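Worksheet: one structure, shown below.
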Amino acid sequence: MDFKLELVLLPVADVDRAKVFYVEKAGFALDVDHKAGETFRVVQLTPPGSACSIALGTGLSTSAPGSAQLQLVVSDVEAAHAALVRRGVEVSDVQEFPWGSFVFFADPDGNRWAVQQLPARAY
């Protein structure tokens, strides 16, 4: 049996501001934006090429906005860095570690993202 991680809740203070950031700056696809009354709204977004989405909204989580830490994996961290900069994301310089190359950024609420290029594997 497969146990697939397909959705992660992301706590935010301002749903519309977060939606704009993830769609217009981070380049995520908008999958769902559904509101049911004044106390429930879900916005589901998916990073390019990912099988796992994020959900943000109203009435989804009691976690504090800005408390999430997430990681994306890319095949080319330099290209990912350039794409994020081009879209207006404040992103760190590429940092090299024995376990991979990384860039880091945060959304407007302070939720932190790491973007990793895995090191070449010796087979």
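The values are calculated or read from the model by the stated rules, or taken from the named source; none is laboratory data. Values in this document were obtained by computation on a predicted structure and should not be read as measured data. Cβ: placed from backbone, ideal geometry, glycine included. Neighbour counts: every protein chain shown. Side chains included, ligands, DNA and RNA excluded: accessible areas come from the protein's heavy atoms. Shrake-Rupley method; radii C 1.70, N 1.55, O 1.52, S 1.80 Å.
A few points about this structure:
- 2 or more residues open to solvent by less than 30 Å² (accessible area, probe 1.4 Å): qualifying strands (runs of 3 or more DSSP E) within the stretch 74-117: 100-106, 112-117
- All conditions but one from (1) surrounded by 14 or more Cβ atoms within 10 Å (Cβ to Cβ); (2) in contact (Cβ under 8 Å) with a residue 24 or more places away in the chain; (3) in a loop (DSSP other than H, G, I, E, B) apply to L56; the one that does not is (3).
- Some residue of the stretch 18-25 being in contact with a helix residue (DSSP H, G or I) (Cβ under 7 Å, 6 or more places away or on another chain) and within 14 Å of W113 (Cα to Cα): no
- Any hit, the stretch 36-45, residues being more than 22 Å from D14 (Cβ to Cβ), more than 12 Å from the chain's Cα centre (by Cα) and of a type outside the set (A, V, I, L, M): no
- With respect to the conditions (1) modelled with pLDDT under 95; (2) in contact with a Ser or Thr (Cβ under 9 Å, 6 or more places away or on another chain), S53 falls short on a single one, namely (1).
- Looking across the stretch 13-43, the residues that are outside any loop (DSSP other than H, G, I, E, B), within 23 Å of V91 (Cα to Cα) and of a type outside the set (D, E, K, R) come down to V15, A18, V20, F21, Y22, V23, A29, L30.
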